[in-house]
Each structure stands twice: as C-alpha cells, then as structure tokens.
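Visitor: Take this structure, written in structure tokens, and hold onto it; I'll ask about it next.
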2 protein chains.
Amino acid sequence: MEKIKIALLGLGTVGSGVHAILEEKQNLLQQRFHNKNDREVSIKIAKILIRDPAKYHNVDPSLLTTDYQEILDDDSIRVVVEAIGGEKPAVDYMIRAMERKKHVVSANKLAIAKFGEPLVKASKKNNMEFLYEAAVAGTIPILRTIKDSLVANEITKMSGIINGTTNFILSKMTHEQSSYKDALVKAQELGFAEADPGSDVNGDDALYKIAILSRLAFGTWMDLNTIDCKGITEVTPKQIEDAQKRGKVIKFLARSEKVDGKIIASVSPEEIDRNHPLAHVDGAMNAVYLHCDNAGELLFQGAGAGSRPTASAVVSDLFAVVERL
Amino acid sequence: MEKIKIALLGLGTVGSGVHAILEEKQNLLQQRFHNKNDREVSIKIAKILIRDPAKYHNVDPSLLTTDYQEILDDDSIRVVVEAIGGEKPAVDYMIRAMERKKHVVSANKLAIAKFGEPLVKASKKNNMEFLYEAAVAGTIPILRTIKDSLVANEITKMSGIINGTTNFILSKMTHEQSSYKDALVKAQELGFAEADPGSDVNGDDALYKIAILSRLAFGTWMDLNTIDCKGITEVTPKQIEDAQKRGKVIKFLARSEKVDGKIIASVSPEEIDRNHPLAHVDGAMNAVYLHCDNAGELLFQGAGAGSRPTASAVVSDLFAVVERL
C-alpha cells in the first residue's frame, strides 16, 4: 500500500469535513482508487495547520501544528488542502506550497477570484496541480464539467443561483411572505447565514464565483470591478408579490456572457418567469444553468455549502490529484 | 503537432455529429488540449466504417471503408468510436478493437447494459480505455460525476427521467391534454420519436440506462430481468388529469436503490408531487436525481438525445482517452 501524505490547512467547517470524510471513507476511497487505477493507494493526513491546538479535542494531537514552515519543509507531504479561506495568509500559503512542489486543492473562492492569475501561474511554473472545484457551487461538479465534459462546446452564456444564503432568504420571502429581516434571522438560526451576512447579501460571494465560472467558460480572468453587483437587502415582500402576480419570481442571479469578445457579468436580484429552469431552485440550494453550442442547455443543482457537501468536492479533487501522481 | 488517428464506426445520427464536431472544433480542441496538457495534439478521423459508401456525399471518400478488418489492421489507429448501436456487430467490434490495442468510446446503451461485463473485461485485460458517457442521458455528464466527482460518497438512491421521447409525450399529454396517440404522432413529426417507438415507449431504452447507472453507482452489473419495467402506452389523459387535481404529475421514472445489499430498480410511469425536483423536467429533456451520503441531493438536467448533444459527450470521452495516451 502506497501512502500519500497530505496536509490540511484549517479545521473549520470545510477542513473538519475533509478530515471526517477521509477517516470514514478511507476503505471506500482505497477500493475505488484500486478499481480505477489498479494501484493500492491510501490518502493520509500527515499534518493539520491550526491556530489553537487546545480547541481540537477529537483530533490526534500529533497531527496538529501551528507552524506552516513545518509542513513546507516536510518533503513527504505531496498535497496541501487549503481550507483557511480569505486572502491572508491563504494565497501566500498556496503559492509557497507549489514552490515547494506540493499540489494544492482549495475551496477558497475569494482567493481564486482575486488571485487566480498568480495562483495558476505558480501551478504551471512548478508543474503542480491546482484544483478548486469546491470553490464554486459546492457539490455541483461545474468546473470539471466545463473543463472536461463540455470540451467540445463553446459556452455562449450562463446564469446561476450560486449563493445559498440569499436563495434561502428569498425563498422564505416568496413562499412564506416573510420580511427580509425575519428571513435573515431564520437563516442565521438554521446556520444558513453567518452572524455577519455581509458578503452573502451584498453579492460579493456570488461575484467571486461568477468570476471563477467566467474564467473557466471563457478563458480569461475577469477584473472584478467590471462585474455589476447589487445585493438583496432592498428586495421587499411587495416586489416579490407584484412579480408573482405577473407569473414571475425574484431570484438572486449571477450571469455571465461573452458579447463581441468581451465578458459581461452581473450579480443582481432579477425577475424570472415562473417556468424558467432556475425558478424552482429553492431554499439553500445552488444551481448553474449553461447554454452550449453543441450540448444545448444544461442545468445542475445541488447543495452550495455545508461541511460535508463542500468537503465531498474537496476530496474528489484530492483523489484526482493523487490519480495523476 | 502529434496526430492521434481514430476510426469512427457508423455515420448515422451520432456518428455524423462526431464527424461534424471534430471538423468544426478542431482548433478549439487543439487549443484546449494544449492548455490542459501542454502538448500539441490533433485528433483526426482516419477511417469511417459504413455499409454503403454511395450514401455519403459530404465526406472525404478516402476515409470511408466497408471493411472493419482494415481498421483493425491499421496499427496507427489508436481509438475506435463505436456509433453503430445495437448488439450485432457492435459488441464484437468493440471487443476486437480492444484486443488489437485500440481504446474504445461508445454511445451504445444496449451493448453496455447487456454486455458491459465482457466489454469491461476486455478493456481491463488489454489495458485499454473503455468510456461511454454518451450512452446514458446524452449531454448530462452523469457517469463522470459518479466516478470522479462523487468518489467520496455512497449513492443511496437515484431516480431519473432518462428517455426523452416518453418525456416529450407525457409532457404533451399533461400540458396540452393530448391523447397518447396524438402526442406520439407529434413526437414522430418533430423527430423526437422513431417510426417504431417500441423500445422508448415500452421502457427498454430507460431500462438499459438505469442498469448502466446502477452499475456505476453500486458497483455491480444488473441482471436486466430483475428490473421491473412498465411502459407508458397505457397512460390515459384521465389519469394525468386526476393526478393533477391531487397536486401530482405523471412522469416516466427510472429508479434504482440499494436495499440490504441488493439493487432494486424499476422503470415505470409514476405520480410524483408537483414540487418534486423532477416534476418540472419537460419536453425531450432528461434529468437524473441522486441522493448521496455526503454531497446530499443533486439534480442534473440536459438534452438526452440528438446528434450534436450526444456527439458532444462522445467527443469529451475521446478527448479524455487521448489525454491519457
């Protein structure tokens, strides 16, 4: 049995999900790896970077470290899974990992939307894999689909509901006539919204994701400032009701389209027809709707967030990296 | 530029789509191959097996052959794309291709559902790739999703609308109060149903596909005789209307589930709730709905048939095979 050692950066929502899945599905993953690649391989977490070791009672303490250099210096670690989130120190850590010949898997939409170019450059320069399926629309395998399954297509345009928090809030306002404020409180109670819901409700989170999707579909990194962005904080129950009377629903849509060689993208609450494929995507669900020249229209729907769903996508990237080692 | 030679078996609906896409997207495919793999590769059709060369005026006649042996004997051909369909001679041709060290891509659901075991055995024995994304649900990348993206999941159950013809007919009966007979005639006029719609309306086509999906999700080839199968020919407008009054719609569902280690699968018209994720999948669209232990619920929707959509899936498999050469 070949043991592939990896390091996990961060043990929050995503990191703890990855840790749990790698423990619980160890046998299944080994068996599937063998079936697919005819090799006996196990993926083992060798180090976990955290800030406060005292916080983690259920994790083997010998795995925990507060010193990233220790991970970088360990040449037996082949892959780094970045689950810290945000810009600092995540971006720097990922680049340094690739410079030290470690492949990187990340779920960090902000880092990839803002620093995708230097990150991909570091991966090419060092000949390292850099995968980030979990960064967009959680469990929906949209990046892999665009890169692999739609390789014989030009994507002409796409739209999506790619923020679960705001979809939960709008669904609640639509189906239960809640006010924005009441729906937000409910989302917070159920864990679908953070205490500070800023980047969800103002559209930043969806903006990062549509920028990543645009890059995959159209081949160029976007200047985030060129994306029209409007949040949902001013949507009123009255607007929703009026829309319903006209056979419409209000959804928080991210869109992107290539027009005359230029990418036009936006994030905004929009009225769509009741029969639109995205009209029935409710609650915390995400969905992405693609228009392709050969394959036609495709719709993908799934959980956009949560510990296990996101970690499921991270582990699939990890598995893919190990397959190519 | 490295030239990868392939042979195409059949130039019907799927084969002509593959031929067209490889012509039209040659530059795009080369560029994407280079971006992904840092290699200059072009995929070229070297031979096309057909029955009557006189029928094809728009194809370079030097590519056409009626003699499969010529393809088998040409060691420069690395991949065979089987687009003949049916059992004979497709299954035999695919096995012989793999024995002659040619990788195989197929869109042939009947062959794979009935002879998947010997086909996969031939691929393992000869160390050849055998991919068949296009055989199930056309453009929906469901096989790749199950194999790759959901590798960290046990799929607990799945259901789907995986026959476009019957979904078109039932949608017409539901939304326009057509009789079964009128809807079938309309489907035939629009090219959504064959002159002999037998294997669509009696459920065989969906049965082949759910058997293939079950094998991917649960790891064992099914005995097709164990799948409960009922077609749509006896569905009446009255039943549909009655269902609607109770907030239900009738959809032609394929289902599969592992219960106590045994796979229980069925194909049948069923009443589902108006709010069920499959309730709004209308017209000739296909959809697959998966329940997974970590990723939760996933829905995929797209064109299930047609020349370009199916060929789009075939070419993505072809691309994947060439990436691994």
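Visitor: Can you pull out the residues in segment B:15-39 that are crowded, with 20+ Cβ neighbours inside 10 Å and either more than 14 Å from B:Ser312 (Cβ to Cβ) or charged (D, E, K, R) (or both)? Let's see the steps before the verdict.
Guide: Looking only at segment B:15-39, we keep the residues that are crowded, with 20+ Cβ neighbours inside 10 Å, and these are B:15-19, B:21-22, B:25, B:29, B:33.
Listed by number, the residues that qualify are B:Lys25, B:Phe33.
Visitor: Do you know which residues across segment B:207-235 are within 18 Å of the chain's Cα centre (by Cα) and β-branched (Val, Ile, Thr)?
Guide: At the first step, the residues of segment B:207-235 found to be within 18 Å of the chain's Cα centre (by Cα) are B:207-217, B:221-222, B:224.
Within segment B:207-235, B:Ile210, B:Ile212 qualify.
Visitor: Being more than 7 Å from chain A (Cβ to nearest Cβ) and crowded, with 24+ Cβ neighbours inside 10 Å is the filter; apply it to segment B:286-304 and report the residue that is nearest to the chain's Cα centre (by Cα).
Guide: So the residue we want is B:Gly304.
Visitor: If you don't mind, another one. Within segment B:142-150, can one find any residue that is among the aliphatic types (A, V, I, L, M) and away from every other protein chain (no Cβ under 14 Å)?
Guide: no
Visitor: Considering segment A:99-128 alone, what residues qualify as being surrounded by fewer than 20 Cβ atoms within 10 Å (Cβ to Cβ) and either within 11 Å of another protein chain (Cβ to nearest Cβ) or within 30 Å of B:Ala134 (Cβ to Cβ) (or both)?
Guide: Scanning segment A:99-128 gives A:Val120, A:Lys124, A:Asn127.
Visitor: With the requirement that a residue be among the basic types (Lys, Arg) and either within 15 Å of B:Glu323 (Cβ to Cβ) or within 14 Å of chain A (Cβ to nearest Cβ) (or both), what does segment B:28-67 give you?
Guide: Matches in segment B:28-67: B:Arg32, B:Lys36, B:Arg39.
Visitor: Also, I was wondering about something else. For segment B:275-283, state whether one or more residues are at pLDDT 95 or above, surrounded by fewer than 21 Cβ atoms within 10 Å (Cβ to Cβ) and closer than 18 Å to B:Ile210 by Cα.
Guide: yes
Visitor: Does segment A:266-273 include one or more residues that are β-branched (Val, Ile, Thr), away from chain B (no Cβ under 11 Å) and surrounded by 24 or more Cβ atoms within 10 Å (Cβ to Cβ)?
Guide: Let us first name the residues in segment A:266-273 that are β-branched (Val, Ile, Thr), namely A:267, A:272.
Now drop any that are not away from chain B (no Cβ under 11 Å), which leaves A:267, A:272.
Pick out the ones that are also surrounded by 24 or more Cβ atoms within 10 Å (Cβ to Cβ) and you get A:267.
So far as segment A:266-273 goes, yes, one or more of its residues are β-branched (Val, Ile, Thr), away from chain B (no Cβ under 11 Å) and surrounded by 24 or more Cβ atoms within 10 Å (Cβ to Cβ).
Visitor: Could we say that B:Val18 is closer than 19 Å to B:Lys121 by Cα, outside the structural domain of B:Lys209 (by TED's automatic domain parsing) and either in contact with a Gly (Cβ under 9 Å, 6 or more places away or on another chain) or in a helix (DSSP H, G or I) (or both) here?
Guide: no
Here's the yes/no breakdown for (1) outside any helix (DSSP H, G or I); (2) in the same structural domain as A:Glu23 (by TED's automatic domain parsing); (3) farther than 17 Å from B:Arg144 by Cβ; (4) of a type outside the set (A, V, I, L, M):
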| position | (1), (2), (3), (4) |
| --- | --- |
| A:Glu270 | yes, no, yes, yes |
| A:His276 | yes, no, yes, yes |
| A:Ala279 | yes, no, yes, no |
| A:Asp282 | yes, no, yes, yes |
| A:Ala287 | yes, no, yes, no |
| A:Leu290 | yes, no, no, no |
| A:Ser312 | no, yes, no, yes |
| A:Ser316 | no, yes, no, yes |
| A:Phe319 | no, yes, no, yes |
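Visitor: Ok, one more. Please work out if A:Gly138 is at the interface with another protein chain (Cβ under 10 Å from one of its Cβ atoms), crowded, with 23+ Cβ neighbours inside 10 Å and of a type in the set (Gly, Ala, Ser).
Guide: The answer is yes for A:Gly138.
Visitor: Could we say that A:Thr233 is crowded, with 23+ Cβ neighbours inside 10 Å and either among the polar types (S, T, N, Q) or farther than 21 Å from A:Leu143 by Cα (or both) here?
Guide: No: the conditions fail for A:Thr233.
Visitor: Give the number of residues within segment A:305-325 that are crowded, with 24+ Cβ neighbours inside 10 Å, out of contact with any helix residue (DSSP H, G or I) (no Cβ under 7 Å at 6 or more places or on another chain) and of a type in the set (A, V, I, L, M).
Guide: Selection size over segment A:305-325: 1.
Visitor: Assess whether A:His276 counts as being within 14 Å of another protein chain (Cβ to nearest Cβ) and in contact (Cβ under 8 Å) with a residue 60 or more places away in the chain.
Guide: no
Visitor: Let me ask you something else. Here is a list: B:Ser42, B:Ser62. Which entry is surrounded by fewer than 17 Cβ atoms within 10 Å (Cβ to Cβ), part of a strand (DSSP E or B) and either free of Cβ contacts under 8 Å to residues at least 12 places away in the same chain or not basic (Lys, Arg) (or both)? Reasoning before the result, please.
Guide: Values: B:Ser62 fails: part of a strand (DSSP E or B).
Answer to the check: B:Ser42.
Visitor: Identify all residues within segment A:141-173 that are more than 20 Å from the chain's Cα centre (by Cα) and either without any contact (Cβ under 8 Å) to a residue 12 or more places away in the chain or outside the structural domain of A:Lys251 (by TED's automatic domain parsing) (or both); write none if there are none.
Guide: Of everything in segment A:141-173, just one residue is more than 20 Å from the chain's Cα centre (by Cα) and either without any contact (Cβ under 8 Å) to a residue 12 or more places away in the chain or outside the structural domain of A:Lys251 (by TED's automatic domain parsing) (or both), namely A:Val151.
Visitor: What's the number of the condition A:Arg308 fails, among (1) more than 9 Å from chain B (Cβ to nearest Cβ); (2) in contact (Cβ under 8 Å) with a residue 24 or more places away in the chain; (3) basic (Lys, Arg)?
Guide: The number of the failed condition is (1).
The values are calculated or read from the model by the stated rules, or taken from the named source; none is laboratory data. If you're wondering where the values come from, they're calculated on a predicted model, not measured in any experiment. Backbone-built Cβ (ideal geometry, glycine too); neighbour counts: all protein chains shown.
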